[in-house]
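Okay, so here's the structure we're looking at.
The values are calculated or read from the model by the stated rules, or taken from the named source; none is laboratory data. This one's a predicted model, so the numbers in the text were calculated from it and none came from an experiment. Note that each Cβ is placed from the backbone with ideal geometry, even for glycine, and that neighbours are counted across all protein chains shown. Just so you know, the surface numbers come from the protein's heavy atoms only, side chains and all, with ligands and any DNA or RNA stripped out. Shrake-Rupley method; radii C 1.70, N 1.55, O 1.52, S 1.80 Å.
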Amino acid sequence: MTSVPTNSQSGYFRPTWCEIDLGAIKHNTRQLKEMVGRDVQLLVCLKGDALACGAERIAAICEQSGADGFAFGNIDAAIACRRAGVSLPMLLYPNCLPESASILEEYRLIPTISTMEDVHGWERHVKSSLDVFLKIDSGGLRAGAAPRDSQRIAVAIASSKRLRLAGVYGHTLASYHVDSNGVAEKGPQKQLEVFLGALMSIEDARIEIPIRMFSSSEIVVSQPEADLNAVEPGRLVLGLDFPAVASRERVWMPALVGFKSRIVTKKRLDIAFASKQPSFFPLRDEMVIGLLPLGWSDGYPKTLPKLATALVRGKRVSLLGPVHSELLRIDLTDVPEAEVGDEVVLLGASGSEQILLHDLAQQWGVSVADVYTGIGKTLPRVYLNE
Ligand SMILES: *Cc1c(COP(=O)(O)O)cnc(C)c1O
């Protein structure tokens with residue numbers, strides 16, 4: 001049984017938590033670095049609080065395991081990581097205003113530039129000097145300069161006294177598909193070509209581009225030629241899997257390894273009484289239920305999934321609906337030895353039984369990423385294998 005964060009030291013008394021395996025982060029980071037090689041920088045994307053695994057702890061482990069920098073979808077998460085002692089370069093996707101320039105200078109954060117207006121805005125507010133990244137819109141129609149504007153904007157950055165062009169990046173929103181022979185399909189290759197064309201137009205103006213970066217997780221494992229001299233995967237580092245070409249097939253270890261609670265109340269139902277109540281769940285003879293202090297407020301699906309199960313003392317038990325805000329029932333009829341205080345595993349192992357991430361995602365009818373963000377946001381996190 002894991003040590004549960006329910007004491008005055010941890011500050012938590014409600015026995016419901018998730019478990020994040022920092023050993024997995026270490027493994028995935030090293031494996032990525034080894035895969036792309038020494039000449040390719042690894043910037044780990046930590047958006048969404050590192051998929052709700054906790055950006056500060058994840059960043060610290062990545063920093064020790066060979067990462068070269070980070071990218072953030074939220075400036076406040078980046079600042080929190082700096083304050084926690086993370087020292088590698090930090091790129092910000094568009095998520096702050098030029099009026100925050102002094103904070104970026106103080107914390108050495110790198111903003112994204114997409115337009116001439118961005119260049120002028122940052123130039124006006126930066127006091128001393130600031131590294132910036134130019135983003136190219138290769139077809140996602142989100143942030144980024146249109147390819148034909150990229151040279152003009154790069155020239156504006158390069159001729160600025162306060163801004164320094166530290167890199168140029170792109171991002172494809174279209175998923176790559178790898179066919180059954182492990183060959184990446186050509187379609188989204190177009191976006192890489194558009195990006196490379198924009199890089200060339202910038203170099204035509206004799207502007208040096210220290211970092212050229214295009215690949216998120218799906219691209220890293222399906223399109224090795226898109227490595228250029230830096231990559232920025234996020235979900236791979238957190239252990240999510242993507243279709244890979246043969247040369248990049250690896251085992252990625254999931255960071256989210258546990259979702260657990262403990263029985264806070266156990267009772268035998270008075271069946272004569274229960275059978276006169278609305279039918280919340282099918283009644284059984286000698287039925288015993290347990291209550292768990294967790295519910296849809298913690299990211300558990302509001303509608304109880306069909307076949308929703310958990311593990312108690314190595315046995316598989318059913319969850320019983322309806323799901324409440326912060327309470328959930330389990331059927332303990334077949335585990336008469338279960339006691340108040342017993343650990344209940346919704347994700348993870350108990351005895352020889354196991355509920356894997358993919359099983360849980362399938363139970364819930366969501367993606368694995370949705371399981372991460374669903375439960376990681378509200379629950380206390382226990383970090384394992386530091
Ligand atoms: C989200 C994001 C990434 C990382 O995506 P993953 O699929 O998690 O690897 C990289 N670059 C940009 C611009 C992003 O928005």
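What shape does the range 6-102 have by the C-alpha gyration tensor, where a ≥ b ≥ c are the square roots of the eigenvalues, rounded means a/c under 1.5, and otherwise prolate means a/b greater than b/c and oblate the rest? Mind showing how you got there, number by number?
Numbers: a/c = 2.36, a/b = 1.19, b/c = 1.98.
Note, shape of the range 6-102 comes out oblate.
Just so you know, the Rg over Rh for the range 251-330 is 1.02, from Cα atoms, with Rh as the Kirkwood radius. Percent of Cα-Cα pairs more than 16 Å apart in the range 230-291, please. So the pairs more than 16 Å apart make up 67 percent of the total in the range 230-291.
With contacts taken as Cα pairs under 8 Å at a separation of at least 6 residues, the chain carries a relative contact order of 18 percent.
The magnitude of the dipole of the chain, with charges of +1 and -1 set on the Cβ of Lys/Arg and Asp/Glu and taken from the Cα centre, is near 520 debye.
Looking at the chain, the accessible area is 46 square angstrom per residue; that uses a 1.4 Å probe and ignores ligands, DNA and RNA.
P(r) tail for the range 183-254, what percent of Cα pairs lie past 17 Å?
Values: 1238 of 2556 pairs.
Distances greater than 17 Å cover 48 percent of the Cα pairs.
Site pair residue 12 and residue 124 shows an inter-label distance of 4.6 nm when each label is modelled 7 Å from Cα along Cα→Cβ.
When the charge dipole of the chain is built from unit charges on Cβ atoms (+1 for Lys and Arg, -1 for Asp and Glu) and taken about the Cα centre, the candidate among 116, 321, 273 whose Cα reaches farthest toward its positive end is 273. Sorting 200, 90 on solvent-accessible area from highest to lowest, probe radius 1.4 Å, gives 200, 90.
When you count, for each residue, the other Cβ atoms within 10 Å and take the mean per peptide, how do 230-237, 294-301 rank with the highest first?
On the way: 230-237: 24.8, 294-301: 20.0.
Per-residue mean Cβ counts within 10 Å order the peptides as 230-237, 294-301.
Taking 23 Å as the straight-line reach from the Cα of residue 267, the lysines in range (excluding those fewer than 8 positions away in the same chain) are 276, 315. The spacing between the range 315-383 and the range 122-150, judged by their C-alpha centroids, is 44 Å. At q = 0.09, 0.11, 0.14, 0.17 Å⁻¹ the log10 of I(q)/I(0) for the range 66-182 amounts to -0.26, -0.39, -0.59, -0.83, computed by Debye summation with a single uniform scatterer per C-alpha, solvent ignored.
Cα centroid separation, the range 23-50 to the range 239-297: 32 Å.
Taking the helices alone, the chain has a mean residue ellipticity at 222 nm of -8000 deg cm²/dmol, built from -39,500 (n - 2.57) per DSSP H run of at least 4 residues and averaged over all its residues. Of all the options 210, 89, 282, the one that moves most in a Gaussian network model of the chain with Cα springs shorter than 10 angstrom is 282. In the elastic network of the chain, a GNM with C-alpha springs shorter than 10 Å, the most mobile of 37, 374, 11 is 11.
Think of the range 182-303 as having a plus end and a minus end, set by charges on the Cβ of Lys, Arg, Asp and Glu; of 257, 215, 196, 257 sits farthest toward the positive end of this dipole. Rolling a 1.4 Å probe over the protein chains gives residue 370 an accessible area of about 80 Å². Working from Cα pairs under 8 Å separated by at least six residues, relative contact order for the range 90-169 is 29 percent. For the chain, the convex hull drawn through the C-alpha positions has a volume of 160 cubic angstrom per residue. Taking every Cα-Cα distance in the range 258-383 and sorting them into 5 Å bins starting at zero, the pair-distance distribution P(r) comes out as 2, 11, 21, 25, 21, 12, 6, 3, 0, 0 percent.
Across the accessible surface of the chain, with the other protein chains kept in place and a 1.4 Å probe, carbon and sulfur atoms take up 50 percent.
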